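Undergrad: Just dropping this structure here.
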Amino acid sequence: MTVTPLLEVHDLEVTYKLTRGHFTAVQHINFSVNEGEALGIVGESGSGKSTVGRAILGLAEATAGTITFDGRDITRLTRRERQKISQSIQVVFQDPRSSLNEAKKIRDILTEPLVTNHQMSKAQAAERAGVLLERVGLDRAALEKLPGNFSGGQRQRIAIARAFMPSPRLVICDEPVSALDLSVQAHIMNLFLKEQEETGVTYLFIAHDLAVVRVLCERVVVMSAGRIVESGVTEDVYTSPKEDYTKKLLAAVPHPDPVIQHERRKAWIELMNSQNAVLATS
Ligand code: ADP
Ligand code: MG
């Protein structure tokens, strides 16, 4: 039996219009993600990772190629059609400081998209928001507060709760831990893992740090200068990279401060161990 991938990206190209001329940010991008899988995209800053994510979300226009979601071509959708599938494809961005509307209570941030879409009544949506806040490790009382009351890590938890509100099938995570303190990163990664175990959600997980991707993703694609230069099982790419670019990416000292680097390593080792423990007992 052949499995139809949940997401298929075929020969994707995105060319941005500049005030003078054009710039092709990504080209010949091919990959697919099966339902329930997590695929990582890694590469240095400017390699085109976010552009790929934005094209899938309909935020950047695909100038060539196709994007198929659940067997349907979603490369060019009308606003209305895009709105319909926006429930199924959610996103968590990098910066939890700018991704939440400061003027709105957490209750409204979480419930408005569902209520506006007539998916749920206000009461139903608020109930679900409470459940999700607890699932991401926050108190229900957060519903009545403004984003300004929360730390970066807590705000990212809220952004994750928002992403999971409509029971999405695919969540695109664009550097979701890069802006967080090292001690918080492992907790948030654990949360992504837990959500996947609970809901079977599919992830497209973008990061410049291969160590982060390794925690969550079975497979990874490596991007450089707008193209995929290497792809495969994450463990294989991590332990025996084929391309010089990937080797350099792995060799790059992630943090110049040895104390911070040591802390980070410790956090990751703890997380990897706890994850192995989870896998061993399940
Ligand atoms: P990454 O996420 O890997 O850091 P991006 O996808 O954000 O990379 O950017 C890839 C390239 O496209 C970069 O050179 C960037 O400057 C350029 N770029 C991104 N967005 C735009 C835009 N809206 N207009 C023009 N160029 C852009
Ligand atoms: Mg980016």
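None of the figures in this text is laboratory data; all of them are computed from the coordinates on show. Every value quoted in this text rests on a predicted model; they were computed, and no experiment measured them. A quick note on method: Cβ atoms are made from the backbone with ideal geometry, for glycine too, and the neighbour counts reach across all protein chains shown.
Undergrad: Report, by residue number, each residue of region 26-66 that is among the acidic types (D, E) and in contact (Cβ under 8 Å) with a residue 60 or more places away in the chain.
TA: E35, E37, E44
Undergrad: Another question about this same structure. Restricting to region 216-238, name every residue that is within 12 Å of ligand 1 (Cβ to nearest atom) and among the polar types (S, T, N, Q).
TA: S224
Undergrad: Just one of (1) surrounded by 17 or more Cβ atoms within 10 Å (Cβ to Cβ); (2) of a type outside the set (D, E); (3) touching a helix residue (DSSP H, G or I) at 6+ places or on another chain (Cβ under 7 Å); (4) assigned to a loop (DSSP other than H, G, I, E, B) trips up R97, so point out which.
TA: Checking R97 against (1) surrounded by 17 or more Cβ atoms within 10 Å (Cβ to Cβ); (2) of a type outside the set (D, E); (3) touching a helix residue (DSSP H, G or I) at 6+ places or on another chain (Cβ under 7 Å); (4) assigned to a loop (DSSP other than H, G, I, E, B), the one that fails is (1).
Undergrad: If you take the residues in region 3-25 that are exposed (fewer than 12 other Cβ atoms within 10 Å of the Cβ) and of a type outside the set (V, I, T), which one is nearest to M223 (Cα to Cα)?
TA: Filtering first and then ranking leaves F23.
Undergrad: Identify the residue in region 77-94 that is more than 17 Å from I67 (Cβ to Cβ) and surrounded by 17 or more Cβ atoms within 10 Å (Cβ to Cβ) and, among all such residues, is farthest from ligand 1 (Cβ to nearest atom).
TA: Among residues in region 77-94 that are more than 17 Å from I67 (Cβ to Cβ) and surrounded by 17 or more Cβ atoms within 10 Å (Cβ to Cβ), the one farthest from ligand 1 (Cβ to nearest atom) is V92.
Undergrad: Right, here's the next one. Quick one: which of A129, A123 is closer than 29 Å to V33 by Cβ and among the small types (G, A, S)?
TA: A129
Undergrad: Would you point out the residue of region 204-219, among those that are within 16 Å of ligand 2 (Cβ to nearest atom) and touching a helix residue (DSSP H, G or I) at 6+ places or on another chain (Cβ under 8 Å), that is nearest to F31 (Cα to Cα)?
TA: Within region 204-219, the match that is nearest to F31 (Cα to Cα) is L204.
Undergrad: Hey, another quick one. Return the pair list, or none, for Cβ contacts closer than 8 Å from residues in region 84-108 that are closer than 23 Å to T51 by Cα and among the aromatic types (F, W, Y) to residues that are in a loop (DSSP other than H, G, I, E, B) and within 16 Å of ligand 1 (Cβ to nearest atom), at least 6 apart or on different chains.
TA: F93/S99; F93/E175; F93/P176
Undergrad: While we're on this one: Scanning region 42-74 for residues that are near ligand 2 (Cβ under 10 Å from one of its atoms) and β-branched (V, I, T), which turns out surrounded by the most Cβ atoms within 10 Å (Cβ to Cβ)?
TA: V52
Undergrad: Yes or no: V14 of a type in the set (V, I, T), touching a Leu at 6+ places or on another chain (Cβ under 9 Å) and part of a strand (DSSP E or B)?
TA: no
Undergrad: Continuing with the same structure: If you take the residues in region 26-41 that are away from ligand 1 (no atom under 16 Å from the Cβ) and either hydrophobic (A, V, I, L, M, F, W, C) or not in a strand (DSSP E or B) (or both), which one is surrounded by the most Cβ atoms within 10 Å (Cβ to Cβ)?
TA: A38
Undergrad: Same structure again: Quickly run through region 1-25 and pick out the residues that are within 13 Å of ligand 1 (Cβ to nearest atom) and touching a residue at least 12 places away in the same chain (Cβ under 8 Å).
TA: L12, E13, V14, T15, Y16, T24, A25
Undergrad: For region 220-236, enumerate the residues that are out of contact with any helix residue (DSSP H, G or I) (no Cβ under 8 Å at 6 or more places or on another chain) and either at negative phi or polar (S, T, N, Q) (or both).
TA: Within region 220-236, V221, R227, I228, V233, D236 meet the criteria.
Undergrad: Could you list, ordered by first residue, the pairs with Cβ atoms under 9 Å in which the first is in region 209-221 and closer than 18 Å to S47 by Cα and the second is of a type in the set (D, E, K, R) and not in a strand (DSSP E or B), at least 6 apart or interchain?
TA: Once the first residue is closer than 18 Å to S47 by Cα and sits in region 209-221, its partners that are of a type in the set (D, E, K, R) and not in a strand (DSSP E or B) give D209/E175; A211/R264; A211/R265; V212/E175; V220/R214.
Undergrad: I need a count of the residues in region 67-83 that are within 21 Å of C173 (Cα to Cα), free of Cβ contacts under 8 Å to residues at least 60 places away in the same chain and either in contact with a Cys (Cβ under 6 Å, 6 or more places away or on another chain) or of a type in the set (S, T, Y) (or both).
TA: Result for region 67-83: 1.
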